[in-house]
1. For the stretch B:1-78, what is the convex hull volume of its Cα atoms per residue in Å³?
2. Using the scaling law 2.2 N^0.38 Å as the reference, what is the normalised Cα Rg of chain B?
3. Taking a label point 7 Å out from Cα toward Cβ, give me the nm distances from B:Ala358 to the same spot in the other copies, shortest first, one decimal.
4. Using only atoms on other chains, find how many Cβ atoms lie within 10 Å of each Cβ of peptide B:320-328 and report the average.
5. Taking every pair of Cα atoms in the stretch B:164-282, average 1/r, invert it to obtain the Kirkwood radius, and report Rg/Rh to two decimals.
6. If you rotate chain A onto chain B, whose Cβ in A ends up lying nearest the axis, and how many Å away is it?
7. Only bridges with both residues in the protein assembly as shown count here: give the DSSP antiparallel percent, nearest 5.
8. Tell me the Kirkwood hydrodynamic radius of the stretch A:1-130 in angstroms, computed as one over the mean inverse distance between distinct C-alpha pairs.
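Please treat every number below as a calculation from the coordinates, not as lab data. Bear in mind the structure is a predicted one, so any value in this text is a computation, not a measurement. As a convention, Cβ positions derive from the backbone with ideal geometry for all residues, glycine included, and neighbour counts pool all protein chains shown.
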Number of protein chains: 2
Amino acid sequence: MSVLPLRDFYCVIPAGGVGSRLWPLSRADAPKFLHDLTGSGSTLLRATWNRLSPLAGPQRVMVVTGRAHRAAVESQIPALADANVVLESEPRDSTAAIGLAAAILERREPGVIIGSFAADHVIGSEPLFRAAVIEAVSAARAGYITTIGIQPTEPAVGFGYIHVGEQLDIESARSAKRVTSFVEKPDLETATGYLSSGDYLWNASMFIAKASVLLEAIGKSEPKLLAGLLELAEAWDDPAARGPAVDRIWPTLKKVAIDYSVAEPAAAAGKLAVVPGHFAWDDVGDFASLAKLNSGGRASDLAILGENARVLSDASSGIVVSQTNRVISLIGIQNVVIVDTPDALLVTTSENAQRVKAVVEALRLTGSTEVL
Amino acid sequence: MSVLPLRDFYCVIPAGGVGSRLWPLSRADAPKFLHDLTGSGSTLLRATWNRLSPLAGPQRVMVVTGRAHRAAVESQIPALADANVVLESEPRDSTAAIGLAAAILERREPGVIIGSFAADHVIGSEPLFRAAVIEAVSAARAGYITTIGIQPTEPAVGFGYIHVGEQLDIESARSAKRVTSFVEKPDLETATGYLSSGDYLWNASMFIAKASVLLEAIGKSEPKLLAGLLELAEAWDDPAARGPAVDRIWPTLKKVAIDYSVAEPAAAAGKLAVVPGHFAWDDVGDFASLAKLNSGGRASDLAILGENARVLSDASSGIVVSQTNRVISLIGIQNVVIVDTPDALLVTTSENAQRVKAVVEALRLTGSTEVL
């Protein structure tokens with residue numbers, strides 16, 4: 001058993017995505033990671049910090065977020081050191097966010113291993129999560145870019161998958177295997193095949209690697225992006241230089257997900273390892289997922305979220321999210337999704353949960369941006 | 001063709017029912033008759049007054065309503081004379097309401113014919129409505145208690161029916177027939193039979209009779225109730241006597257619908273006439289009815305009610321009633337009913353529209369009376 005915190009290890013939390021499929025709960029100014037979606041009493045960001053800080057140490061967790069969220073992030077994590085807050089002037093996708101953190105940390109502490117974990121996922125057993133991270137850090141120390149893949153429990157069509165290959169022989173990472181490929185969200189038939197084959201894990205966007213190895217991988221696929229990130233990192237810890245460098249360089253960085261810039265090419269080159277995670281995991285991608293998460297696992301319960309919720313219902317499935325103190329009466333609709341906020345109301349069903357993103361697009365197009 | 005206004009004729013508008021099936025649009029303090037449910041720009045009460053005042057004359061329309069609604073009623077009908085406002089201290093059902101009006105008017109003007117028309121129904125063609133009332137008044141003048149029955153256009157299960165018998169021979173009321181019986185709301189099979197037989201009309205709760213004949217009929221079935229009404233009427237126009245009489249007598253009056261106290265016994269005795277009405281009519285009993293009324297008759301349109309409604313929807317049926325300026329987004333639910341008010345939200349479907357009353361009962365039982 002490793003001693004915690006892990007040596008040479010730094011956690012990075014990219015806290016960026018709005019979570020359009022969770023509108024009108026998630027908004028530009030109140031993104032998914034700032035909500036308590038499980039009734040735990042903690043926001044997803046705070047729960048992520050609680051989970052990661054014992055692994056790396058509370059002084060060794062970096063958050064990359066938008067300028068608009070600085071105050072909210074610092075209020076959620078009072079222990080967060082100033083040097084561990086990286087503010088984006090605008091979103092440039094995950095390669096820029098994680099790559100900048102890697103470049104800054106590699107300059108500060110050459111040889112550091114970083115682990116990037118989303119700010120807005122829900123994880124079950126923390127001991128099992130820790131065990132997986134500990135193995136992944138060992139694999140990273142051995143030179144691999146390592147991901148943690150989640151053992152599927154159902155043929156989910158809302159997640160990407162990792163195709164698992166041969167066993168690797170890495171000391172202290174006995175369950176690590178080589179990744180053959182990353183696969184986009186499949187249809188139900190394909191997902192069912194993945195589940196029964198036993199060769200596929202869910203992609204939870206967790207990446208653990210030496211910062212230098214990650215940067216090298218970015219440089220291979222996106223050399224201009226890497227050059228920008230290194231230039232930014234060089235200026236970062238100089239108070240006079242940082243601002244001008246951000247203004248000049250950040251807006252020019254290519255927007256590309258780290259799955260495409262790093263994970264897929266590394267998998268193709270046989271350089272990507274995966275450690276299976278046996279803990280419950282959910283990216284809470286939409287209200288169907290949120291309903292399931294909050295009905296105690298029972299498909300036959302209506303989930304109700306909201307401290308002051310006053311719901312009168314005959315529904316035995318679905319979810320009501322109440323951010324007002326209005327009386328909500330619901331008759332005769334199964335799998336219903338009702339999200340009641342002061343300025344916007346969503347009514348749909350679990351089956352249509354993925355289509356919420358289209359509503360957000362439509363509201364943007366019609367100029368109703370004040371509710372987004 | 002008769003000359004309007006009709007001589008000896010007085011209209012009575014009982015404005016009482018809350019319309020529980022239209023909650024949370026209809027409330028105790030904002031009952032159905034105070035809403036514009038058709039987008040006409042007029043409340044149902046005002047539209048009723050507009051329809052009736054040319055028939056009887058604007059000084060000859062009496063409104064019977066609850067004390068709480070006095071200001072709203074007078075604001076809706078500024079031309080309403082004080083003497084034509086009859087205030088109930090508490091609801092005692094339609095026999096008391098209409099009977100009191102009849103007793104007051106018979107004292108003021110012996111031999112008067114009264115016509116009672118609900119404050120919260122929707123009527124199509126006014127010329128056809130007027131033609132039916134004119135015939136009904138002639139039948140009333142001939143001594144009949146007369147109702148106007150609506151020619152059914154579909155096998156509705158939400159209305160009561162009138163079984164029509166032999167042709168009557170009344171001058172100036174050539175289409176008047178004898179009523180064989182009143183029938184409660186039927187099931188679909190029965191309603192379909194009624195429609196194809198051609199012998200049934202919808203009961204629209206319109207009653208036209210000499211006040212004296214109506215009072216005599218009340219006295220036959222409910223002698224104590226009649227005695228109370230006559231005593232009240234005697235005191236009514238004496239400012240010093242009215243208040244004490246109301247306080248003493250009104251709470252003791254039996255609660256009974258005029259359909260039971262007058263119409264059914266009169267039909268059984270062969271003394272009830274019916275004039276068929278060929279105009280469109282709806283009692284707007286629930287949100288399914290309201291949806292139909294507001295979708296231009298097309299079942300394939302989502303009806304939207306509310307001046308400031310901001311609805312984004314893919315639904316092609318149902319109704320959204322918006323009393324807030326919130327953005328309402330609706331995905332993938334057909335025949336949906338959404339009623340969005342500042343303190344209460346209802347979400348259901350047209351199929352469940354009749355069950356809204358049960359929600360109101362449940363809210364009362366659970367003490368949420370502030371939203372009723």
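1. Taking the convex hull of the Cα positions in the stretch B:1-78, it is 106 Å³ per residue.
2. So chain B has a normalised radius of gyration of 1.00.
3. Ordered by increasing distance: 3.3 nm.
4. Across the residues of B:320-328, the mean count of other-chain Cβ atoms within 10 Å is 4.
5. Checking Rg against Rh, the ratio lands at 1.07.
6. Per the Cβ-to-axis criterion, the result reads A:Val347, 3.
7. Within the protein assembly as shown, antiparallel bridges account for around 45 percent of the total.
8. Evaluated over the stretch A:1-130, this radius sits at 15.0 Å.
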